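S.K.: What follows is a structure written as structure tokens; I'll ask about it next.
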Amino acid sequence: MRKALRWLLALTVLIGTLSTASAATAAEPRPADIKDRLLAIPGMSLIEEKPYPGYRYFVLNYTQPVDHRHPSKGTFQQRITVLHKDVSRPTVFYTGGYNVSTTPGRREPTQIVDGNQVSMEYRFFTPSRPDPADWSKLDIWQAAADQHRIFKALKKIYSRNWISTGGSKGGMTATYYERFYPHDMDGVVAYVAPDDVVDDEDSAYDRFFTTVGTKECRDRLNAVQREALVRRAPLEKKYKAYAAENGYTFTTIGSLDRAYEAVVLDYVWGFWQYSLLSDCDTIPANAATATDDEIWTSIDTISGFSFYTDQGLEPYTPYYYQAGTQLGAPTIHFPYIEKKYLRYGYQPPRDFVPRDIKMRFQPGAMRDVDTWVKHNARHMLFVYGQNDPWGAERFSLGRGAKDSYVFTAPGLNHGANVAGLTANEKSLATARILDWAGVSDTAVAQAKPLAKFDSGLDVRDVEREPALRP
């Protein structure tokens, strides 16, 4: 009888325990859907979700202060995108420095670490522009503060390591962000980022153009550029008809003549920025005997006759404003072109921004960043292309830098990447990125991308912008 009672008591306790455990399990909240978690962030709203196998991809708006020093003085909506893989993976913070793409894409560090990716549209590039636009609030610190707020909001969801990255102006952006918020990221991978420390000293670019590629290729390019100025009259007649046909105007730059020379003077730079030495075969071999159409087509293909129109310049107003206020802009010379053919030379950024927008250059902005990188860089990787003009003035590291590197990809242009480095540097760079991302020691030792290349998702080609825009 006692045994039966003890058994009955034990059974009762067991049933009670199981019931309590089941109730507790039922009461535990299920993990929220990632979209719900993102939209629960104050100021975050959904523009659209796009499907991609193995990921969730969101285009979002995030409410930002126009002025981070005075947050109460108005806000604007900044576009960002989130390529979500898993909250247990590292996250890459990508900045292009211009508009954000709303098509799913994975940058090289994202493939290497097999992680999530957050991408940010740079302030004042439409539609991420305050209205009315106070252009004095477009500077590198305000943009870094945008990035900092986005990071703080998303770090609560993506709690693992973060790496910032970007190419060209995006690489500059990642570097400036690190300078102002050095404790946010676990690593920085900056591709082809110019470093114009002294705006009016640009001799490095002139030296670059005397040695890049081969003499045969340089001679071809120089001859076509010169010939386009020799034949200015007939080619400008063609340009006038082209502009009329397309409804192009020239109010900002001042005249069709100014625009024509600007396009022609971008030609050599644009070739080396976007082409490879092997592409020299596409350049007319004898400019003097080439037809007007052949000269026009070569210039238009590389520089783009539509760019210095009002319609071509307008999307890049924020860039030229920054170039003329903080970033600086290159000025190069053309010793192979007689002075009688040059009327304006390289025109300054002021000429490409509407006159009702006030500009004042701040010479200390780039010096400050350059000094900081030299002495304080930590977990920073800079990658340049051997034949990219923008690499003529680049970031360098001083004694204070720790676990940081500057590498050059042989023969590559403005699309240089880790994959294009020499074997030893590629392995080292990949291993450091993996280590900064906080993945396993085994993965770091293998020094290979953790995700397979996806031709529909991975961005490999140089992001094409008109010449003379980093």
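S.K.: Any residue at all in the stretch 156-165 that's in a helix (DSSP H, G or I), modelled with pLDDT of 95 or more, within 14 Å of V92 (Cβ to Cβ) and not basic (K, R)? Step through it out loud before you land on a result.
M.R.: Just the residues of the stretch 156-165 that are in a helix (DSSP H, G or I), to begin with: none.
No; the residues of the stretch 156-165 include none that is in a helix (DSSP H, G or I), modelled with pLDDT of 95 or more, within 14 Å of V92 (Cβ to Cβ) and not basic (K, R).
S.K.: If a residue has to be of a type in the set (S, T, Y) and free of Cβ contacts under 8 Å to residues at least 12 places away in the same chain to count, how many in the stretch 210-248 make the cut?
M.R.: So the first thing to find is which residues in the stretch 210-248 are of a type in the set (S, T, Y), and the list is 210-211, 214, 239, 242, 248.
Subsequent filtering for residues that are free of Cβ contacts under 8 Å to residues at least 12 places away in the same chain retains 210-211.
The number of residues fulfilling the criteria is 2.
S.K.: Under 7 Å by Cβ, and 6 or more places apart or on different chains, what pairs join a residue from the stretch 347-365 that is closer than 15 Å to F124 by Cβ with one that is among the small types (G, A, S) and open to solvent by less than 30 Å² (accessible area, probe 1.4 Å)?
M.R.: If the second residue must be among the small types (G, A, S) and open to solvent by less than 30 Å² (accessible area, probe 1.4 Å), the pairs left are P349/A323; P349/G324; P349/A329; V353/G324; M359/G324.
S.K.: Determine whether the stretch 451-463 contains at least one residue that is at pLDDT 95 or above and touching a helix residue (DSSP H, G or I) at 6+ places or on another chain (Cβ under 6 Å).
M.R.: Yes, the conditions are met somewhere in the stretch 451-463.
S.K.: Given the condition within 30 Å of I299 (Cα to Cα) and either touching an Asp or Glu at 6+ places or on another chain (Cβ under 8 Å) or not β-branched (V, I, T) (or both), answer yes or no: does some residue in the stretch 156-166 qualify? Talk me through it step by step, then tell me what you get.
M.R.: Residues of the stretch 156-166 that are within 30 Å of I299 (Cα to Cα), as a first pass: 166.
Narrowing further to those that are either touching an Asp or Glu at 6+ places or on another chain (Cβ under 8 Å) or not β-branched (V, I, T) (or both): 166.
The answer is yes; a qualifying residue exists.
S.K.: Something else: Within the stretch 147-180, work out how many residues are in contact (Cβ under 8 Å) with a residue 60 or more places away in the chain, farther than 21 Å from V87 by Cβ and either in contact with a Phe, Trp or Tyr (Cβ under 8 Å, 6 or more places away or on another chain) or not charged (D, E, K, R) (or both).
M.R.: So the answer is 13.
S.K.: Is there any pair linking a residue in the stretch 181-209 that is closer than 16 Å to A143 by Cα to one that is buried (at least 19 other Cβ atoms within 10 Å of the Cβ) and modelled with pLDDT under 95, with Cβ under 6 Å and at least six apart or on different chains, and which?
M.R.: none
S.K.: Among D281, D266, D195, which is open to solvent by 40 Å² or more (accessible area, probe 1.4 Å) and among the acidic types (D, E)? Talk me through it step by step, then tell me what you get.
M.R.: Numbers: D266 fails: open to solvent by 40 Å² or more (accessible area, probe 1.4 Å); D195 fails: open to solvent by 40 Å² or more (accessible area, probe 1.4 Å).
That would be D281, the only listed residue that is open to solvent by 40 Å² or more (accessible area, probe 1.4 Å) and among the acidic types (D, E).
S.K.: Residue under question is R378, and the condition is that it be in contact with a strand residue (DSSP E or B) (Cβ under 8 Å, 6 or more places away or on another chain) and under 30 Å from K402 (Cβ atoms); does it hold?
M.R.: On the way: in contact with a strand residue (DSSP E or B) (Cβ under 8 Å, 6 or more places away or on another chain): yes; under 30 Å from K402 (Cβ atoms): yes.
In short, yes.
S.K.: Sort out for me the helices (runs of 4 or more DSSP H) sitting completely within the stretch 285-334 that have 3 or more residues that are surrounded by fewer than 17 Cβ atoms within 10 Å (Cβ to Cβ).
M.R.: Details: elements: 292-302, 310-313, 317-322.
The qualifying helices (runs of 4 or more DSSP H) are 292-302.
S.K.: OK, next. Taking the condition of being surrounded by fewer than 18 Cβ atoms within 10 Å (Cβ to Cβ), among the β-branched types (V, I, T) and under 20 Å from the mean Cα position of the chain (by Cα), how many residues in the stretch 60-109 meet it?
M.R.: So the answer is 2.
S.K.: Name the one entry in G398, G391, G438, G385 that is in contact with a Leu (Cβ under 6 Å, 6 or more places away or on another chain) and touching a residue at least 24 places away in the same chain (Cβ under 8 Å). Even if it seems obvious, please write down each step before you answer.
M.R.: Values: G398 fails: in contact with a Leu (Cβ under 6 Å, 6 or more places away or on another chain); G391 fails: in contact with a Leu (Cβ under 6 Å, 6 or more places away or on another chain); G438 fails: in contact with a Leu (Cβ under 6 Å, 6 or more places away or on another chain).
Just one listed residue meets the conditions, G385.
S.K.: So if I check each of R343, R350, which one is over 22 Å from L229 (Cα atoms) and open to solvent by 50 Å² or more (accessible area, probe 1.4 Å)?
M.R.: Numbers: R343 fails: over 22 Å from L229 (Cα atoms).
Exactly one of R343, R350 is over 22 Å from L229 (Cα atoms) and open to solvent by 50 Å² or more (accessible area, probe 1.4 Å), namely R350.
The values are calculated or read from the model by the stated rules, or taken from the named source; none is laboratory data. Nothing here was measured: the structure is a model prediction, and the numbers come from that model. When we count neighbours, we look across all protein chains shown, and the Cβ atoms used for this are built from the backbone with ideal geometry, even at glycine. Ligands, DNA and RNA are stripped out before the accessible areas are found, and what is left, the full protein with its side chains, is counted by its heavy atoms. Shrake-Rupley method; radii C 1.70, N 1.55, O 1.52, S 1.80 Å.
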